[in-house]
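Notes to accompany the following structure.
Read-outs throughout are calculated quantities, based only on the coordinates presented, and are distinct from any laboratory measurement. It should be emphasised that the depicted structure is a prediction, and the values quoted were computed from it without experimental measurement. Reconstructed Cβ throughout: ideal geometry from the backbone, glycine too, with neighbour counts over all protein chains shown.
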Amino acid sequence: MQEMARTSSGLAYPERFYAAASYAGFGGSPNSSKGAISKFQNDVALLLYGLYQQATVGPCTIPKPRAWNPVEHSKWTSWHGLGNMASTEAMRLFVKILEEEDPAWYSRVSEFVVEPVVDVEMNNPNMESVTPNGDSFPEPKIISTENGSLIETEDKDVVLEGLGSVGIYDQWVAPSVSGQHPKTRYEHGAALIQEKMYVFGGNHNGRYLNDLQVLDLKSLTWSKLDMKAATESLESSSPVTLAPCAGHSLISWGNKLLSIAGHTKDPSETVTVKEFDLQTFTWSNLKTYGKGPVSRGGQSVTLVGTSLVMFGGQDAKRSLLNDLHILDLETMTWDEIDAVGMPPSPRSDHAAAVHAERYLLIFGGGSHATCFNDLHVLDLQSMEWSRPTQQGDIPTPRAGHAGVTVGENWFIVGGGDNKSGAAETVVLNMSTLVWSVVTTVQGRVPLASEGLSLVVSSYNGEDILVSFGGYNGRYNNEVHVLKPSHKSTLKSKTLEVPVSDSVAGLHPMTNATRDLGSELETDQDGKIREIVMDNVDSGPAVIDNIKSEETSERLLVALKAEKEELEAALTKEQLQSLQLKQELAEAGTRNADLTKELQSVRGLLAAEQSRCFKLEVDVAELRQKLQTMETLQKELELLQRQRAASEEQAALRQKQSSGGVWGWLAGTPSNQREDA
């Protein structure tokens, strides 16, 4: 019974995990075997370290060590490579790897394991479990369900709050949120750091914002950060004004936030990178090197390792882009990438995600005339674009949607097609490229909005999606959460087309043939093996038959080989034909899009020509008025000269008449006056 309990999948993992961690040298228990981990290989020890950190701390949020220490770099790489793996999954893998490396470990630390009580009327004995830092906490209760399986429950005295209050799967719910709600907005940026969602900027009633709001996901409480004056760069302390923006990208980098690009009232020539320090509450404009991308908004920015991959967007002149740039966060150097293959058409407001730290996926987006639902993949090693075949419930065309990844699943929420919002929450399995619908909302709700934000958090080892804001005819500031079930995240695995084999998946399937002398048998481990039956008789007649059939068998082998070659050639030709058809269809789609944009540009050009003609008419009228004014000016000058001459003549006559009077008064004879 004890051995069954120890190997049962129903056993709560914390007891067994902390026992295993103590034995491996991580738990810090006084009863642990110190240095036990030293007997493992370096790669196994590093993997155990990463799983331990993932299980006890959560996903790695600390930046990569800058000091050159191979051990610290290896530890960080092991932890960071686990991504958003749930803590319970990390616990399970930790114990599994330890059992594979040292099967007898449990017998040495059996005192750490508490056997579960399977009685429906009894809970576990009162006990305390040792945590890595030496603290203790009550273990969850183990109860029996109707079918006899064991499940974990929380203590009845624990009050569920925050994300813990979400008890329904695969449905969006609006939890009770306290605090001063932010302004309604869309096209803002959102990022998650240490169970807090940070929201920066956005568009509110046509005005850009520059506030920084925080939602504590533990208590679901809003608060606003009082930010200090921004500085020009980390090397400069001179304050600068933080310009309001929208359509930017907000990325969490360690304990800092990075805001990249975005539309502003007075855009710069190149993309700006701003950093917010959560310790000093200060914004800084980071200095970058290399040829920076042109200023833009509506782009996608994806964190891949220690680099940011930027694609597309719309510049300040409303020109759509499909260029590709990479910013190395360690050297802060931009690099423009000239990838091979056919890239996505110019677009903005699309979604991007990275799979296996190698493949960049671009989905949807819009141009001036249409929206897309195409999927493009960029191999970040070969820098080659491809357009794989999508399967399942392919989403409708949309732009302004948001997406997050949970393991190999990419959840897409919201967006619209300039007519209506997208009501379906969909998920893409990035390994099989199969779409499925998680849930559908009804009516004009924030979840069917454009420009909303989406982050993924974790509570009790379960991933929870958190959305905020958006625009669907009105601006929103509501918070909605969704807890995806294993069914919704795994159902797309029923189809079998991995990303790396998406082209091979187009080949026709053939059933493998088996010899008559073979059969299948299932061993005790549930594995299927092939057993070749010995049907060869030892008699001389059988030997003669074998010899006489050698020639025909050789001929049959040759015919089979030739048949396989012909089938391979035919498959290759079919594949090439299918690829050409896809390229032709894509070219036709692009041609239609360009035609629509050309018509739009022609309409704008005709309007500008009409406006130009009107301006020419106005200029001609003004010139005519100017000429009339010049004529009037000349006439005025002539009249002024004539008036001056008339005034001079009048003055002269007055003088002459006044001289004659004085002479008469003096008694001058009239004849003398006449002589004078």
Residue pairs, from the table 287/419; 183/483; 317/625; 291/596, whose Cα atoms sit over 31 Å apart: 287/419; 317/625; 291/596
Sum of side-chain charges, residue 648 neighbourhood, beta-carbon under 14 Å (Lys, Arg +1; Asp, Glu -1): +3
Residues in the stretch 261-289 that a label on residue 183 would reach, taking backbone N under 14 Å of a point 7 Å out along Cα→Cβ: 265
Whole-Hz couplings from phi, Karplus 6.51/-1.76/1.60, listed for the stretch 170-187; x for Gly and Pro: 6, 9, 6, 10, 9, x, 6, 10, 9, x, 6, 5, x, 4, 4, 6, 8, 6
Estimated dipole of the stretch 565-627 in Debye, rounded to 20 [Cβ of Lys and Arg +1, of Asp and Glu -1, Cα centre]: 560 debye
Radius 11 Å from Cβ of residue 586, net charge of other residues (Lys, Arg +1; Asp, Glu -1): 0
Dimensionless Rg over Rh [the stretch 164-498; C-alpha; Kirkwood]: 0.94
Given charges at Cβ of Lys, Arg, Asp, Glu: the stretch 607-653 dipole, positive-most of 631, 617, 645: 645
Sites residue 566 and residue 340 - FRET efficiency at Förster radius 30 Å, r taken between beta-carbons, to 0.05: 0.40
Inter-centroid distance (Cα atoms) of the stretch 572-621 relative to the stretch 269-321, Å: 29 Å
